[in-house]
Structures are given as structure tokens and as C-alpha cells.
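The next block holds one structure in the form of C-alpha cells; read it before the comments.
The values are calculated or read from the model by the stated rules, or taken from the named source; none is laboratory data. Note that the structure is a prediction, hence the values are computed from the model and not measured. Note that we place each Cβ from the backbone using ideal geometry, even for glycine, and neighbour counts take in every protein chain shown. Keep in mind that these areas ignore ligands, DNA and RNA; they rest on the heavy atoms of the full protein, side chains included. Shrake-Rupley method; radii C 1.70, N 1.55, O 1.52, S 1.80 Å.
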Protein chains: 2
Amino acid sequence: MSQFLKVKTAEEVLDILKTLDFLEAETVRLEQACGRILATPVSAPEPVPHFARATMDGYAVRARDTFGASESLPALLEITDEVSMGKPVSATTEKGKAIAIPTGGMLPSGADSVVMVEYTIPMDEKTIEVIKPVAPGDNVLKEGEDIGLGEELFGAGWHLRPQDIGVLAALGMQAVSVRRRPKVAILSTGDEIVPVSTEVVPAGKIRDINTFTLTAQVQEAGAEVGFKSLVEDDLDALISACRKALDTHDVVVLSGGSSVGVRDFTLRVLDFFPEAELLVHGVAVRPGKPTILARIGKKLFWGLPGQPVSAMMICRAFVLPSLMILQGAESALEPGAEYGNTCRAVLNRRLPSVHGRTDYVPVIVSRVEGEIHATPVFGKSAMISTLARSDGYVIIPAHVEGLDPGSEVTVHLFQRV
Amino acid sequence: MSQFLKVKTAEEVLDILKTLDFLEAETVRLEQACGRILATPVSAPEPVPHFARATMDGYAVRARDTFGASESLPALLEITDEVSMGKPVSATTEKGKAIAIPTGGMLPSGADSVVMVEYTIPMDEKTIEVIKPVAPGDNVLKEGEDIGLGEELFGAGWHLRPQDIGVLAALGMQAVSVRRRPKVAILSTGDEIVPVSTEVVPAGKIRDINTFTLTAQVQEAGAEVGFKSLVEDDLDALISACRKALDTHDVVVLSGGSSVGVRDFTLRVLDFFPEAELLVHGVAVRPGKPTILARIGKKLFWGLPGQPVSAMMICRAFVLPSLMILQGAESALEPGAEYGNTCRAVLNRRLPSVHGRTDYVPVIVSRVEGEIHATPVFGKSAMISTLARSDGYVIIPAHVEGLDPGSEVTVHLFQRV
């Protein structure tokens, strides 16, 4: 395994992620399909609706019988029958006749349109006056007008939303083929880390934050967190924990293991996995430069900084996209993919940055006189409270040397699960 | 129960929702707390960090020993000890001395700052030259500098995100008090509705869509869906299903039951619940005007239109906010609450609208030459495919009579679960 690789740019890392193989497909029941990503395209096995339906309450008629009708010269039609919801009507709409029909009712044969009840005047129980003409097709949803037979509805990689589930329900598709959710192991290491349950934390130690934040983030991306463990900063313990994790998970996210003295501990762990292929060793970003990505057979191994803010930002910027890719969401890395959780804002402070490095800067979003403002949250990088105070972050690309106040920026909002 | 109420505006409905009582609080483990809403404010029971920490690799020093240091006139310091991660060091930093320290290491007594290793030149194993001065506090995170003892971190009603979980972990809070998730029953009715499992749908019938779409939406808002049922359009069957649902759920969402002939079926059902208080009977919106909201004791009863697109839009506009309010998210209805799932876009078609009615218009969002465009998706209201093709919707307020092309609009994006 080559240990000598140049630091990659953020874009290069995202390009590498795009080459990852998808996980296999599995079939899930429609009730469980929302939020999942389609493994195969879906076409309509039948038309929707499968019969012509009224879209308004009124009377099914032959449009030509209403031509020229007006308040002063209404068309007189005889009511011959009534359509009940959910039932076909045996009667045919003949010349000069009308059949009462509710919204959603099945259009009788012979009829080509529906006159809204608002444009009719009842004369007696059997007769109406139509005071406005209709054209063929008016107030009718034709067979296949909503969804045509054989129409491709969703491509592979489509992330199913509630309304998409509705379309599949309409078509009677009780199960769909989606990509399996990645199973992720979260390992945290560091000589200074003690479990959250530690009541009195000894001097020099701090409680484990990363296991909690990374688990919550990874679940946001639809992955399942299996094995979670605090591992002591010891090569044998780390190798054994990683081996166990890789056996039964698709992705291992290890944070820490790169403090002074044990710098590149994570890399040394990788040496014990002969299949390991180092894809990324350092990213030109701040925070989170000492990030590692390796492929171990079909599994993915992320080495994240131990510092909680850096670990969270790298997880958000790279780990979550990798989990979306494994689930087949090819569009996860396209520019359009950012719509869902961004907003445009006006920067109200100067943001310094260094050429050649991508910066992720936490910001508070506020509304000032109708304008959305982004206020950078400065703070020492080790402060977890900076992220808790922020609504999202701004990305300063590598080729930009800082942003001036008044710049329009895209804020990547921290999602709520 | 008064059956005669005037149609409410969308704003009036939201104002009513703000008066709903929160569900009771429950204690959940930190691992399960992400996405939940705090029932009580959280203050810091201890400071973070609870000891002064280095934020850089380098040497713990007394800042005054470096004053005036430069490349031409470096300060010479003797290295007397080394801090290990996670351990206190017994040595004190004395005048003219330095103690090696890693990022995150505990600052030795006597030291007030850390000189970055980059600004030191090793002379021998025991001596360094410092070529740049530090001020007291430089490269040090002081006790309580991240989070002060007793500091109020989150107010009641705060929606916990991954980083907030990280803050709670840092403080050793293994459990938090959050509002209970609402338990929701989803009932769908309509003479024309058959189960999704129906292989050959008879003429005049259509498959049940609402049970699936409403379930997926309601789960998006953090609610638990319990009882789900397709109920025949029969008063006794509906009363019995509602009674069963109200017994064991906080919210009942009934769609359908308002077709011609059975118009106000839902209201007739409410008559059989003496405690029922009708809060809303009709909303000046499109789609979804025939919407009903009632309070039955401490339970909430929503009557939604049967038409799937109308049901989804009303669910999104009113039912989901009501579920957030029940969970204690007072901010769910504030203007700022829309940041998370909106984007600004330029409308590229004219949108007609009627004064006095709030319109929800589905749109496709696309990027055209760096600008985000919103293209309205027109289509007959009964078409479920219009929502599947849309990325979100634009709200045209009641006081606006249509929007011109080129108008800047807020698109409310359809969330992916």
C-alpha cells in the first residue's frame, strides 16, 4: 500500500466518491420505501386513471349538446341516470341527455365531458338547463392522462418521497427494488477519551463526543449504525476492533488516532489489511485536513480527525455523500443536490481564507429587514459549541481568497433528522 | 357542537394550531434524542473543557518569556517535561522553561499559553529557540471557554441536531427530557377506494393512495403512525373506526368522506363525539378547501379531502405543523422555521390566483445560468403525477392576485424523509 500520496482537494475527493460501487438491491414493501433509493427504473404497469373520471361535481354530457349554450339561451338536457362513486353506470349518455356524476365518478359511455353543477339550473327532477358550453374533455381526467401505460416514472437512483410512494400505490406496486442501506461501524479512539457515562472526568480527559455526533449524522443519510465502540489508542486494540467492524459492516468510520506521537496510527492500522487501497490521505480543507479514505475489498474505511468539530464537518462534507453514493444516489454529488438543505444569504462579515484550501465556516442565519444574513461563528476550532450555535456553514472554495461583507453565499444548512 | 362556522384563512388555522397543548415530556437516552424536541431548557452542569487545553501542538510556556522573540533574537527555553494526551502533568512551567504539549493536552500549571511547534527551532534535546512571541491565552482553550458552567445551552422547544447531541455528550448528559412523539391514526375512506393489493381494480374504483402518502408525511414530522385503515364510507363503520383510533392515538387523520351525497360525512361522525369542538370547517386555500379540524378532549381530529393531491398539500401545510406543535416546537410556525426546507427562486411563468384564497402551486426547481428558476407544474388537480414531478411548491398569499414572471418566490421544498 502506498503511503505517499499528495493531499487531495475537496473536489478530487468527491470525484473519487463518484467511482464507488453501489450496494446490492433489495426488495422492500411500499410502507418501508419512503426515503429509500430506487435500484431500477420504474415504469407504469397500467394507466392512471384506468377509466375516465369526472374532476368536478356535475353532469356527464356530450359536449356538442351544450354548444352555444348561455344564460339567455340555455341547453335543455334530460337527466337519465346518476353515477355512484366507485361504480360503473350501465346507462349510456345519449343525445340530449345528461347523467349526474360526482367528482371522481366514472364517466358513462357516450359522454365526453362534464358540465359543472354551478353552470346548470334544475328545471324539475328530470331536467336541467346548461348555461355555459363545455368542450370535449372538459372536467374529465381521461384514461392514462395522469400516468400513461408504460411511462417511465422514476429512474434508478431516485430518492423516494411521500408523493412518489403515492404514485407507486396508485399503480398497485406493493414492493420496490431499492439499494440496501449501508451498515456503518463507528469507532472512536484517543487516550484522552472517556465514556459519556463517566461522572467525574479525570483531569486531562474529556468525554466521548464523536460516537454520538457521527452516529446521528450517519443515520441522517439513511445508513444503519451497527457496532459503536470507544477503542483505546493501542495498535492491537484498533486492529482488532477494525477487523471485527469490517467483517459485518459496509463502512467503518474511525475518528481520532492521529494525535502527536501516534500520528498516522490509522495508517498503521490499514497496513494490517493487505487488501486496503489508500484513496485519500489528507484533504486540502479546513477543518479536517488529516482525513483518510481507504477501500478494503468492498468495504469503505474512513479515518477522521479526533477533534469533534473537524470530525463532524468532514462527515458532513464527505462521509454522508459517500453513504448516499453507496445507496445508488448518483445525483447526490450533482450541484442540484444542494437545493434541499441550502439557502442563499448575504454575508455580513469578512471571511478570510487561504488560496488552495477549501474552508467550511459555520454561520448563523438570520432575517434582517427581509434579507437573509449569514454571520460567521468564529471560535477556536476545538469548540463544539460553535456548531451548536450555528445554523449551517458556508464553503469557501480553494480558488477564492476570502469573501467580502455583502457577498451572496450559499449556506449549507444543518439538517434536523 | 356548532356546525356553522365561517371558512378560515390559512393564517387563522396556523394561529389556532399555536394554541394547542404540548404532549407530555418523557426521558430518552441521548442515543435516541436526535430529532427530538426538548421539553425543558438545558444548562451546563459543568464547564467545557474542565481544564485548560492546548489547541495546537507545541510548547506550554509563560507568555512573558517569549515577549520580543524574533528570528534574529529568539527566546531560549529549556524543555523540562512532556504532556501526554489524557494525563495531567505534575511538572510546573517555570520561568524560562517549556513543556512539550500535544493538541488537546492539559496545560501544565504555571503555563499561560502554547507556542506552536512551527515557531520553535530545536537546539538540542533539552532546548528550543522561540522565534515568535505569544500572548497569554494564545493556543489555549481555557476552562469553560467552550461552554461556561451554568450557561443555558438550549431552550425548551429546541429541535436537537447531531451537534447538539455532541454538546450534551460533552456534558455527560446521558438522557434528556423531550416531548413525546404524537401517535397518529390514519384512516382513509371513500366508496371508490380499494386496497393497494387489489390486482385488477374494478371499473370506477381506484387504489388507496392516502394511507401511504399521509403515513410517509406524518413520519417525516417525527410522529409515530399506529393504526392505519381503509374504512368503508358508512357512518357506523367510520364512527367505530374513529372511536377505536381516538382511544389509543393522539391524532386521527381521516381523509375522504366528503363526496357528493355524503358531503360532511366527517362532520356527522364528529356529532357522535360529545366532547368534539370544531375548530376549523373549511379553509380558504386551494387545493384542500373542505378541511376540518376538531379537538376531541385532548385529541386532535383532522378531516382531509379524499383527493390525494389535496390531502398531501393540506397535510404539509397544516397537519405537519400541528404535529410539531404537539411536540413542543413553538418555533415551527415562525417565519424563520422555513429556512430548513425552502429556496429562493425566480418564477418563470405567470401564476394566476384569486384574491382571498391562499394557493399552493407545485413547481419544478431548476438552475438556469446560475439562477434558480421555479416552473409551475400545471395539471388537473386530481393528478398525483403533478406532485411526483415537482420539487416543491410556491404559496400565493390570500392578498395577492397572482404573480408575474420574474417574481422572486420562496419554494417550499418537498422533504425527503
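So the values come out like this:
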| read-out | value |
| --- | --- |
| Subset of region A:370-390 [charged (D, E, K, R) and either closer than 18 Å to B:ASP164 by Cα or at the interface with chain B (Cβ under 8 Å from one of its Cβ atoms) (or both)] | A:LYS380, A:ARG389 |
| Entirely in region A:1-94, the strands (runs of 3 or more DSSP E) that have 3 or more residues that are among the hydroxyl-bearing types (Ser, Thr, Tyr) and in contact with a Pro (Cβ under 6 Å, 6 or more places away or on another chain) | none |
| Residue in region B:148-168 that is out of contact with any strand residue (DSSP E or B) (no Cβ under 8 Å at 6 or more places or on another chain), open to solvent by 70 Å² or more (accessible area, probe 1.4 Å) and not assigned by TED's automatic domain parsing to the domain that holds B:ALA39 present | no |
| In region A:98-117, the residues that are within 17 Å of A:PHE67 (Cα to Cα) and not aliphatic (A, V, I, L, M) | A:GLY110, A:ASP112, A:SER113 |
| Among (1) touching a helix residue (DSSP H, G or I) at 6+ places or on another chain (Cβ under 6 Å); (2) farther than 27 Å from A:ALA25 by Cα; (3) among the hydrophobic types (A, V, I, L, M, F, W, C); (4) open to solvent by 10 Å² or more (accessible area, probe 1.4 Å) - the single one A:PHE227 does not satisfy | (2) |
| When residues of region B:202-212 are limited to those that are among the aliphatic types (A, V, I, L, M) and surrounded by 15 or more Cβ atoms within 10 Å (Cβ to Cβ), the one farthest from the other protein chains (Cβ to nearest Cβ) | B:ILE206 |
| Residues being surrounded by fewer than 17 Cβ atoms within 10 Å (Cβ to Cβ) and either on the phi > 0 side of the Ramachandran plot or outside the structural domain of B:GLU408 (by TED's automatic domain parsing) (or both) - total across region B:366-380 | 2 |
| Tally of residues being open to solvent by 50 Å² or more (accessible area, probe 1.4 Å) and over 25 Å from the mean Cα position of the chain (by Cα) across region B:381-394 | 1 |
| Flag if A:LEU38 is crowded, with 22+ Cβ neighbours inside 10 Å, of a type outside the set (S, T, N, Q) and within 23 Å of the chain's Cα centre (by Cα) | yes |
| Residue check, A:SER177 within 11 Å of another protein chain (Cβ to nearest Cβ) and at pLDDT 95 or above | no |
| Test: residue in region A:2-12 that is more than 30 Å from B:GLY226 (Cβ to Cβ), open to solvent by 60 Å² or more (accessible area, probe 1.4 Å) and touching a helix residue (DSSP H, G or I) at 6+ places or on another chain (Cβ under 9 Å) | yes |
| Criterion (within 11 Å of another protein chain (Cβ to nearest Cβ), closer than 30 Å to A:TRP158 by Cβ, of a type in the set (Ser, Thr, Tyr) and surrounded by fewer than 24 Cβ atoms within 10 Å (Cβ to Cβ)) met by exactly one of A:THR358, A:THR342 | A:THR342 |
| Residue match in region B:115-128 (condition: crowded, with 21+ Cβ neighbours inside 10 Å, touching a helix residue (DSSP H, G or I) at 6+ places or on another chain (Cβ under 8 Å) and at pLDDT 95 or above) | yes |
| Subset of region A:395-411 that is within 14 Å of another protein chain (Cβ to nearest Cβ) and surrounded by 19 or more Cβ atoms within 10 Å (Cβ to Cβ) - its residue that is nearest to A:ILE206 (Cα to Cα) | A:VAL411 |
| Selected residue (criterion: farthest from the other protein chains (Cβ to nearest Cβ)) from residues of region B:91-118 that are polar (S, T, N, Q) and within 41 Å of the chain's Cα centre (by Cα) | B:SER113 |
| Single residue of region B:80-97 satisfying the filter (among the polar types (S, T, N, Q) and crowded, with 16+ Cβ neighbours inside 10 Å) that is nearest to A:ASP208 (Cα to Cα) | B:SER84 |
| Hits in region B:217-236 (condition: part of a helix (DSSP H, G or I) and without any contact (Cβ under 8 Å) to a residue 24 or more places away in the chain) | B:ASP236 |
| Qualifying residues in region B:182-201 (those that are more than 8 Å from every other protein chain (Cβ to nearest Cβ) and open to solvent by 60 Å² or more (accessible area, probe 1.4 Å)) - the one farthest from the chain's Cα centre (by Cα) | B:VAL200 |
| Answer residue from region B:4-49, given it is within 14 Å of chain A (Cβ to nearest Cβ) and without any contact (Cβ under 8 Å) to a residue 24 or more places away in the chain and is farthest from A:LYS205 (Cα to Cα) among those | B:GLN32 |
| Hey, A:VAL354 under 24 Å from the mean Cα position of the chain (by Cα) and either under 24 Å from B:GLY370 (Cα atoms) or not small (Gly, Ala, Ser) (or both) or not | no |
| Residue that is farthest from B:VAL28 (Cα to Cα) [pool: residues in region B:175-216 that are hydrophobic (A, V, I, L, M, F, W, C) and part of a loop (DSSP other than H, G, I, E, B)] | B:ALA203 |
| Neighbours by Cβ (under 6 Å, 6+ apart or cross-chain): first from region B:150-167, at the interface with chain A (Cβ under 7 Å from one of its Cβ atoms) and in contact (Cβ under 8 Å) with a residue 24 or more places away in the chain; second surrounded by fewer than 20 Cβ atoms within 10 Å (Cβ to Cβ) and assigned to a loop (DSSP other than H, G, I, E, B) | B:HIS159/A:ARG416; B:ARG161/A:ARG416 |
| Within region A:311-339, tally of residues that are modelled with pLDDT under 95 and open to solvent by 10 Å² or more (accessible area, probe 1.4 Å) | 15 |
| Test: residue in region A:237-255 that is at the interface with chain B (Cβ under 9 Å from one of its Cβ atoms) and in a loop (DSSP other than H, G, I, E, B) | no |
